Amino acid sequence: MPLQEGFQEKTKTRVKEPHFYQVIMHNDDFTTMDFVVSLLQAIFHKEEPEAVRLMYRVHHSGQAVVGRYPYDIAVTKAQAGMSMARAEGFPFRLTVEEI
């Protein structure tokens with residue numbers, strides 16, 4: 001149906017940025033450093049030097065943020081990391097927090 005003369009149709013489009021969540025690795029006394037580095041490379045796609053740096057941060061500080069993602073991706077990566085750890089017999093823990 002054509003618009004009547006003198007009237008214009010207005011539409012507003014709002015793009016809402018997604019909320020981001022951080023994935024946090026927590027230190028424990030059982031998970032090996034080599035495993036943490038391999039997990040960071042496999043799931044979080046970190047290059048080896050950054051993976052080693054993050055592993056030491058987890059080891060010395062007790063925890064470290066290893067990535068920031070939209071909620072679904074953050075939860076999926078945290079669950080994948082914990083599944084990988086359980087498969088190897090480690091009690092390693094990752095949590096997700098809103099930024």
When the helices in the chain are scored as -39500 (n - 2.57) per DSSP H run of 4 or longer and the sum is shared across all residues, what 222 nm value do you end up with, to the nearest 500 deg cm²/dmol?
-14000 deg cm²/dmol
With +1 on each Lys and Arg Cβ and -1 on each Asp and Glu Cβ, and nothing else charged, work out how big the dipole of the chain is about its Cα centre, in Debye to the nearest 20.
240
Report the full-extension gain for the segment LYS12 to ASP28: residue separation times 0.36 nm, less the Cα-Cα distance, to one decimal in nm.
0.7 nm
Among 28-36, 15-23, 70-78, how do they line up from the highest to the lowest mean number of other beta-carbon atoms within 10 Å?
70-78, 28-36, 15-23
Enclosed volume per residue, in Å³, of the convex hull spanned by Cα atoms of the chain:
143
Averaged per residue, what accessible area in Å² does region 42-99 show with a 1.4 Å probe, protein chains only?
62
Ignoring ligands and nucleic acids, what accessible area does MET84 show with a 1.4 Å probe (Å², nearest 10)?
60
Charge tally for neighbours of THR31 with beta carbon under 14 Å away, counting Lys, Arg as +1 and Asp, Glu as -1, is -2
Would you mind telling me the share, in percent, of accessible area of the chain contributed by carbon and sulfur at probe 1.4 angstrom?
51
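The values are calculated or read from the model by the stated rules, or taken from the named source; none is laboratory data. Note that the coordinates shown come from a computational prediction; the quantities given were computed from them, not determined experimentally. Counting neighbours? That spans all protein chains shown, and the Cβs are built from the backbone with ideal geometry, glycine included. The area values use the complete protein model at the heavy-atom level, side chains included, leaving out ligands, DNA and RNA. Shrake-Rupley method; radii C 1.70, N 1.55, O 1.52, S 1.80 Å.
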